[in-house]
Structures are given as structure tokens and as C-alpha cells.
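Notes for the one structure printed next.
FYI, it's all coordinate maths here, none of it is from the lab. Remember, predicted model here, so these are calculated numbers, not experimental data. Neighbour counts run over all protein chains shown; Cβ positions are idealised from the backbone, glycine included.
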Amino acid sequence: MKYPEDFINKVIQGDCFNVLSLIPDNSVDLIITDPPYGLNFRSAWPSEERKKDFIQNDKPEELVPLIQKVIPEFIRVLKENSEIYWFCGGGGGSPVLAWAWLEFKKYEPDLKVKNLLVWDKGFVGLGWEWRFQYETIFQLVKGEGIENSDKSASNVIRAKKIIPQEGEHPTPKSPEVIWEILKRKSREGDLILDPFLGGGSTAYTCRMSRRNFIGIEISPKYCEIARGRLRQEIL
């Protein structure tokens, strides 16, 4: 593959660590991504083999090594004064949020934790008490970051959760929540990177809002789902 011709506005199937190494320094305006949380999440739907799908690289012991491997590459490919929006967990007994936060702090001053957003999904999920309704999103800043175009923006984003159907990615991100970030932190023509693309919400929202994107996903199945979503929409 050659960059940029073979990367821009494409869903690339492969290990993000290999693909990231091919992206030039200081070339990406914004990163929005939903990496494995370290929760060993398992889909509610059975696959064709009648076994429920696990998210790859999602074991608790894999979270910190993932951050250590990917964050230096993020810092390298991002332009000066840019940002990362990194989706993380929402409640529960596992301290994945703390692990991620402490690891991100090690990259200061090259990258700073500026805020922790809350995505209110407007939907009560699984559980028996205090059921799950939110996820968190780290705002990580390189340099001075990107000026927020909305001076009244809240760090609580309310956007409906997508309920995945059989065969779809088990933890899809709502295009609404992606758009809430894009419209405040990017402009038409900017290049947005999502190296853990999943079912393609970042790519889809970029396409619909005239942003350029690079989407990387390790699973061939989810790559095809993402490509299918892009084929359905013509601007």
C-alpha cells in the first residue's frame, strides 16, 4: 500500500500497528477511536458457529501494552495542536478507566489528558442495579489542542445508543456521538484517523460530513460491514 493514495477515505483491513507505521509524521488532524477497553467483552449474539464473539485484544492485561504501543504512534502522526478522542468504559467493577488514565499521564508533556467526556446513551443497558447507561471518552491534547467551535459545549454528550443486530459489531458507536465531536473539533476536508474502526461509525460520519478519513480494522468481517455502510450513502 502507498500513502496517501491507498489510505484516504478507505477502510483498511489489517493490524493498526503495522498500518500506522506507514502514515507520515504530522499528517492527521484528529483521532477518534474506540479501542478494546480491556473488559473481555463478549457479544450477546451467537456467531455462525453458535459461539458468542469476543472483541479481539480485549483482555484486561492487554490494555496497558496496547496504550504503550499505540500512543507514541498517535503523537507522531498527529499535527501540532491536535487532539485524540479515546472511548473507554462506563462503570462496572474493573478499573480500566484508572489504568488508562494513569498510562496516558506518562506521556506528558507530549500528550495531555484535558478532559473526560461522558456519553449518555439515553438507554438503560444490562445489569441488575445501577444499570449501565454511559461510556467515557478521553480528550487527549497534543500541543494547544483544537479550539472548540462551541463555547457552550458540555462534557456530557447525549446521543442514542445503537442496539446491534445479529452479525453486526457488538459495540457500535452512534454516528450522533461521533458528530458531536467532529462538528466542534474539525472542518470539512480535515483528515480524521480511526485505527480501531469496528463497524465503521467514524468513517460513515466523516463521509456524511465531508471530512476525509483513514479507517483501520483488524477484523475482515467488520471491515465489510463498514464498507457496506459507506456504499449505502452517496453525498
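Counted by Cβ distance under 10 Å from Val124, the other residues give a net charge of +3, where Lys and Arg count +1 and Asp and Glu count -1. Here the spin labels are modelled as points 7 Å beyond Cα on the Cα-Cβ line, and at Val64 and Leu116 they lie 1.8 nm apart. The alpha carbon gyration tensor of region 196-235 gives principal lengths a ≥ b ≥ c with a/c of 1.5 or higher and a/b no greater than b/c, which makes the shape oblate.
Expressed as a rounded percentage, what relative contact order does region 68-192 have, with Cα pairs under 8 Å and six or more residues apart? In percent, rounded to a whole number, it is 27. Do any of Lys10/Lys161; Lys114/Lys142; Lys105/Lys173; Lys79/Lys173; Lys106/Lys151 go past 20 Å between their Cα atoms, and which? Table pairs above 20 Å Cα-Cα are Lys10/Lys161; Lys105/Lys173; Lys79/Lys173; Lys106/Lys151. Listed values for region 201-217 are Karplus-derived 3J(HN,Hα) couplings in whole Hz (6.51 cos²θ - 1.76 cosθ + 1.60, θ = phi - 60°), namely 4, 5, 4, 4, 5, 4, 4, 5, 10, 6, 9, 7, 8, 10, x, 10, 8, and x replaces Gly and Pro.
Less than 5 angstrom separates the built amide H of Ile12 from those of Gly215, Ile216, Glu217, all sequence-distant by 5 or more or on a different chain. The string of couplings for region 186-195 from the Karplus curve (6.51, -1.76, 1.60, θ = phi - 60°) is 8, 10, 3, x, 5, 9, 10, 10, 10, x Hz, one whole number per residue in order, with x for Gly and Pro. Across region 131-142, in residue order, what do the Karplus-derived ³J(HN,Hα) couplings come to in whole Hz, using 6.51 cos²θ - 1.76 cosθ + 1.60 with θ = phi - 60° and x for Gly and Pro? Couplings: 5, 6, 9, 9, 10, 10, 9, 6, 9, 10, 10, 9 Hz.
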